[in-house]
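Taking it in order: structure first as structure tokens, then the write-up.
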Amino acid sequence: MENLREGGFLIAKIRKLSERIFAKILQDFNIYEITAAQGRVMFPLWQKDNISFQDLKKKTSLSKATLSYMLDNLEKAGHVKRLNDVNDKRTINIKLTIKNKSLQDKFLQVSNEMRDIYYKDFTEVEIDKFEGYLRRILANLLQYSEKSKK
């Protein structure tokens, strides 16, 4: 029998367990305004505010419909605003609100705690290599996804 590799299976298990732990830590920090799933949308915006919908879609790897739905909810809750780009009216930019910026520090603390859990007993070199491997896997998946659309 062929030697089966577990990479995808392990990544799926890690993802599910990470989501549960992340949700618990959000509760521990009394963050109820944003879900763990919405944090996936907020994280790139906290890194660079006022980005286009298309850029946010690429950064999150969410479908257009899923991202739109999440942005609808975040906008209703007062965390983001959608604005027409001043140079191109066809482009919609996503901008953080002042209300959301106040959550950024607390959410960053949660992210740092998750980082510490993930990388407990890892050296900086091991972390760099590991994240490099993950980026390669992501690039492979994105390449395959683009190829299969044609």
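Please treat every number below as a calculation from the coordinates, not as lab data. Only a predicted model underlies this, so the values are computations on that prediction, with no experimental measurement involved. Don't worry about glycine lacking a Cβ; one is built from the backbone with ideal geometry, like all the others, and counts go over all protein chains shown.
Listing for the model above:
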| read-out | value |
| --- | --- |
| Residues GLN143 and ASN50, FRET efficiency given R0 of 22 Å [Cβ-Cβ distance, rounded to 0.05] | 0.15 |
| Calculated FRET value between ASP128 and ARG15, using beta carbons and R₀ = 22 Å, to 0.05 | 0.55 |
| DSSP-assigned coil residues among chymotrypsin sites (Phe, Trp or Tyr not before Pro) in segment 13-48, each with at most 10 further Cβ atoms within 10 Å | TYR32 |
| Radius of gyration and Dmax over the Cα atoms of segment 61-150, both given in Å | 18.0, 49 |
| Exposed GluC sites (Glu not before Pro) absent: longest stretch of the chain, with sites in DSSP loops and at most 11 other Cβ within 10 Å deemed exposed | 7-150 |
| Estimated FRET transfer efficiency when R0 is 30 angstrom, pair SER61-ASN3 (beta carbons, to 0.05) | 0.55 |
| Dimensionless Rg over Rh [segment 7-118; C-alpha; Kirkwood] | 0.99 |
| For the chain, size of Cβ-based charge dipole, Lys and Arg +1, Asp and Glu -1, in debye | 720 |
